[in-house]
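These notes concern the structure reproduced below.
The values are calculated or read from the model by the stated rules, or taken from the named source; none is laboratory data. All figures in this text were calculated on a predicted structure; none of them were measured in a lab. All Cβ positions, glycine included, derive from the backbone under ideal geometry; neighbour counts span all protein chains shown.
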Amino acid sequence: MSDLSIQLHWQRAEPALMTGKYSSAHTVQFNKDCEICVDAAPDWGGDPAHTNPEQALASALSSCHMMTFLALAAKAAWPVASYSDLAVAYLGKNARGQMSVTRIDLHPVVRFDTGFSPLEAELDKMQHRAHRYCFIANTLADSVEINILHPAHAGA
């Protein structure tokens, strides 16, 4: 199997590491050319201009789900023209009382080439298959909800 890695770097900017008095801002490098600034979620004192780990988790799930959906759609010869999603990660306490991402909701909207329009039930089934086969969703287990937005109901 593949080893997929990132590089993370944090450097203390304050004179001492003291509770509540240091920045958790850091960089994460993906491959050679992609580096992002990461910080805690704003509710936890992070810079809202930076990506936070919870957003990154939602992004990973959304991307994986989309790629799985596209692979399944290609096998079924569905002419997907565009795919968009709004992924929302929710923070809260889990069953053990620990802070965690308790749920991630995906809101995919798939548009097809003119003249192709699967039945809503077929699209729902394909989205649920994508969820079942998505590596990240399988890692997260039961904390994902797919809220399928059909193009006719999603607006322009």
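List pairs: first residue in region 1-25 and within 23 Å of A49 (Cβ to Cβ), second residue aliphatic (A, V, I, L, M) and exposed (fewer than 10 other Cβ atoms within 10 Å of the Cβ) anywhere in the structure, Cβ distance under 6 angstrom, at least six positions apart or on different chains.
Filtered contacts from region 1-25: S23/A13.
Determine whether P151 is at pLDDT 85 or above and over 30 Å from N94 (Cβ atoms).
no
Among (1) under 27 Å from L4 (Cβ atoms); (2) acidic (D, E); (3) at pLDDT 95 or above, there is one condition D113 misses while meeting the rest; what is its number?
If we test D113 against (1) under 27 Å from L4 (Cβ atoms); (2) acidic (D, E); (3) at pLDDT 95 or above, just (1) comes out false.
One residue is enough: does region 5-22 have a residue meeting the conditions outside any strand (DSSP E or B), buried (at least 16 other Cβ atoms within 10 Å of the Cβ) and among the small types (G, A, S)?
no
Looking at region 120-134, is at least one residue among the basic types (K, R), modelled with pLDDT of 90 or more and in contact with a Pro (Cβ under 6 Å, 6 or more places away or on another chain)?
Scanning region 120-134 turns up no residue that is among the basic types (K, R), modelled with pLDDT of 90 or more and in contact with a Pro (Cβ under 6 Å, 6 or more places away or on another chain).
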